[in-house]
Amino acid sequence: MQNKQIKIVETVLRDGQQSLIATRMKTEQMVPILKKMDQAGFHALEVWGGATFDSCIRYLNEDPWERLRTIRRHVKNTKLQMLLRGQNILGYKNYSDDVVDLFVKRAVENGIDIIRTFDALNDLRNLEKAAEATKKYGAESQLTMSYTTSPIHTLDYFVDLGKRLVDLGADSICIKDMAGILLPQDAFDLIQALKSEVSVPIDLHTHATTGVGLMTYQKAVEAGVDIIDTAISPFGGGTSQPPTECAHLALESLGFKTGLDSEKLFEVADYFKGVRDKFRQTGVLDPKVQDIEPKTLQYKVPGGMLSNLLSQLKAQHLEEKFEATLEEVPKVREDLGFPPLVTPLSQMVGIQAVMNVITGEPYKVVPTEIKEYVEGYYGKPPGVIKPDIIKKILPNATPITVRPADLMEPQLPILKQEIGDLAKDEDDLLIYALFPQVGREFLERQSIDFFDIPFDPIEMSLT
Ligand code: CO
């Protein structure tokens, strides 16, 4: 066991900044340090996917594909990894199979080496197409179990899930603990059990939200985990991953190798301290997100969701309902068959809990997304949705049981027609396919040339 190499995935450019600064880091803030990161000895850099795509077009006015190509140009040796939401791609709903296929193709062609694919419900039918496309276009397929706790989510459940991920062609498996609720001994037991049943490498992804992350990694390593995810210290801790340098130094002291170069890590950290300080000054980085929140271990609510719920309540001047909402979340989860709280289910369950508390009558107001979930359009819930809840939400409909995307016709021909010349290539088309409204607005901004800017041509004429 000692001397074994534990591979490290650095997440600052994706999950680190997504967790702490709502994915507002610009490409120009990444470029100066990419070469150094490439030399530090990471197994992979997680740089794309998750919320980065949406944030680029919605807030940063950046072409997300151009960001990927830029990173690829500077990172020549280290693998580039992305997070894909299965059939939801990088959006919040199901897309048709032809969109999933083209998206994966272009992600690989633009430089991605490893695609980590997850489904919020662990409904493997929602991973099939993305997994198939990942293999077809030659990237490593890392398939994911969304970790949560419930009477359904037992050790046997996850071990069985691991075997089924291998059957789906997983080159490696990720245990995705988005809420940071995986306790050290549970991590040990889970990884030991998985290791005895599957032979592909296992990657553990946790968040430092609850304060136990590094201990969880230690036990995971003792149980034989192959890869862990960390974020360089200025963007580590709190709702982000445990800090990279700390994991590296601690593991080396325990006799493991990480392959990381300490000096280079410190240089990378120094650079990102500057970036972090800018986000602190502008208030984008709220110090609260780096606080430890052990209550998450009780409520099982991811850190990002806690802050989100609080701001929703504040907007309605109902912040005194925060505790009540937190207590409502586990009830809603149980009513709905124990979905793991990860995008998009975390947002959906959170909003339903807020509605229940504000109206004082559970499910009096039900958002469309929750109705669609109960109808089966997000896939099969892990457990059983309570019959009286189905009756209340869907008095006249019967839930579907097929794979949701089976009900969708190919969308690309229609999308192509709709967006016309605004999409110069497949990458533009995908921007529109994923986010029809903000995607179109983004493409319109990109396409403005000099003569589209309103001015008085006579006044401006020089003679
Ligand atoms: Co994460």
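The values are calculated or read from the model by the stated rules, or taken from the named source; none is laboratory data. All values derive from a computational prediction rather than experimental measurement. Methodologically, a virtual Cβ is constructed for each residue, glycine included, from the backbone with ideal geometry; neighbour enumeration extends over all protein chains shown. Surface areas here come from the heavy atoms of the whole protein model, side chains and all, with no ligands, DNA or RNA. Shrake-Rupley method; radii C 1.70, N 1.55, O 1.52, S 1.80 Å.
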Say whether the condition of being open to solvent by 10 Å² or more (accessible area, probe 1.4 Å) and either closer than 12 Å to Ala231 by Cβ or touching a helix residue (DSSP H, G or I) at 6+ places or on another chain (Cβ under 6 Å) (or both) is met by at least one residue in the range 38-47.
yes
Task: Gln81 vs. criteria outside any helix (DSSP H, G or I), among the polar types (S, T, N, Q) and either closer than 21 Å to Ile173 by Cα or open to solvent by less than 10 Å² (accessible area, probe 1.4 Å) (or both) - done: yes
When (1) within 30 Å of Thr343 (Cα to Cα); (2) open to solvent by less than 30 Å² (accessible area, probe 1.4 Å) are applied to Leu251, the one that fails is (1)
Checked against (1) open to solvent by 20 Å² or more (accessible area, probe 1.4 Å); (2) in contact with a helix residue (DSSP H, G or I) (Cβ under 7 Å, 6 or more places away or on another chain); (3) more than 24 Å from Ser19 (Cα to Cα), Lys364 satisfies every condition except (2)
In the range 19-50, anything touching a strand residue (DSSP E or B) at 6+ places or on another chain (Cβ under 9 Å) and within 16 Å of the ligand (Cβ to nearest atom) is listed as Ser19, Leu20, Ala44, Leu45, Glu46, Val47, Trp48, Gly49, Gly50
Original post:
On the given criteria, is Lys76 assigned by TED's automatic domain parsing to the domain that holds Ala208, within 27 Å of Gly237 (Cβ to Cβ) and open to solvent by 40 Å² or more (accessible area, probe 1.4 Å)?
Top reply: no
Scanning the range 144-157 residue by residue, the ones that are out of contact with any strand residue (DSSP E or B) (no Cβ under 6 Å at 6 or more places or on another chain) and either without any contact (Cβ under 8 Å) to a residue 40 or more places away in the chain or more than 16 Å from the ligand (Cβ to nearest atom) (or both) total 9
Expected single match for of a type in the set (Gly, Ala, Ser), in a loop (DSSP other than H, G, I, E, B) and either open to solvent by 10 Å² or more (accessible area, probe 1.4 Å) or on the phi < 0 side of the Ramachandran plot (or both) among Gly337, Gly274, Gly350, Gly283 is Gly283
Scanning the range 210-239 residue by residue, the ones that are part of a helix (DSSP H, G or I) and open to solvent by less than 10 Å² (accessible area, probe 1.4 Å) total 7
